[in-house]
Amino acid sequence: MEQRITAGLASLGLTPPPQAPAQLARYGQLLLEQNQVMNLTAITDPDQVVDLHFLDSAALLTVGENFQNKTLIDVGTGAGFPGLPLKILEPSLTVTLLDSLGKRVNWLSTVCGDLSLEHITCLHARAEEQALEPGFRDSFDFAVSRAVASLEVLTELCLPYVKVGGKLLAMKSVDSGAETEGAARAISKLGGRLLPRVDYTIPGTEIVHRVVVVEKIAPTPKGYPRRWAKMQKAPL
């Protein structure tokens, strides 16, 4: 697993810290072990864990943003993707992993301790509620999310966390064009501006994924995000 990680990162043009491939391999080992007793991932082949989780997450470091010494929140992190690989690959990041399932958050805390990671917080909360809390709203350089919700709903969940001048990086499929167009009103209403998308191929595969980039240009108006049921029933 470690060799595949090293080769894949090189294919992405990344130069990780010396300890990063071993840390990611250990993370993969812990993921597959825990997955036997907890539903963390449908991907159980170690090579696919490397490709579809680690390298897919790592590709965010290639989209042209400077992540050094920045703050990042991963909304709906699940088993830690993409936030935890980003922290391993860019240790200067201050990262918050947010998820609504306590068992997952507790496991992520254990993983972070095993890997001796600092300046990373594993937070059990609902995204639409935590975004209203002081110190979280309009506070992060980056919000990231992968496979959580449609873009119009995801924008309402994530953009309130981002400070003016920061960005939401939403990991989507390459056939998300119509979804992106449909989210234009929500992006504008919530203080965002759509920037050019970035497509990338996951090393070792023919899979092409997309990062939808939304810049925060104004504070998110009061009243957003709304309750989850309201977002689902009446998207912006």
*Consider ARG126 carefully, then state whether it is over 22 Å from VAL198 (Cβ atoms), out of contact with any Leu (no Cβ under 6 Å at 6 or more places or on another chain) and not polar (S, T, N, Q).*
yes
*State the number of residues belonging to the stretch 211-236 that are at pLDDT below 95 and part of a strand (DSSP E or B).*
0
*Inside the stretch 105-116, can you point out the residues that are in contact (Cβ under 8 Å) with a residue 40 or more places away in the chain and crowded, with 17+ Cβ neighbours inside 10 Å?*
TRP107, VAL111, LEU115
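Let's see how each residue does on (1) farther than 30 Å from ALA229 by Cα; (2) buried (at least 22 other Cβ atoms within 10 Å of the Cβ); (3) acidic (Asp, Glu):
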position: GLU90; (1), (2), (3): yes, yes, yes
position: SER100; (1), (2), (3): no, no, no
position: LYS103; (1), (2), (3): no, no, no
position: HIS119; (1), (2), (3): yes, no, no
*asked:* For the stretch 126-153, which positions are small (Gly, Ala, Ser), closer than 15 Å to ALA79 by Cα and either buried (at least 17 other Cβ atoms within 10 Å of the Cβ) or over 15 Å from the mean Cα position of the chain (by Cα) (or both)?
replied: SER145
*asked:* If I ask for residues that are touching a residue at least 40 places away in the same chain (Cβ under 8 Å) and among the small types (Gly, Ala, Ser), which ones from the stretch 185-204 would you list?
replied: ALA186, GLY204
*Of all residues in the stretch 186-210, which are charged (D, E, K, R), under 17 Å from VAL164 (Cβ atoms) and outside any strand (DSSP E or B)?*
LYS189
*Among (1) out of contact with any His (no Cβ under 6 Å at 6 or more places or on another chain); (2) under 20 Å from LEU108 (Cα atoms), which single condition is PHE81 missing?*
(1)
*Examine the stretch 178-192 for a residue that is closer than 23 Å to VAL63 by Cβ and among the charged types (D, E, K, R), and state whether such a residue exists.*
yes
*Of the conditions (1) part of a loop (DSSP other than H, G, I, E, B); (2) modelled with pLDDT of 95 or more; (3) more than 19 Å from ALA147 (Cβ to Cβ), GLY64 clears all except one; give me its number.*
(2)
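The values are calculated or read from the model by the stated rules, or taken from the named source; none is laboratory data. All figures in this text were calculated on a predicted structure; none of them were measured in a lab. Counting neighbours? That spans all protein chains shown, and the Cβs are built from the backbone with ideal geometry, glycine included.
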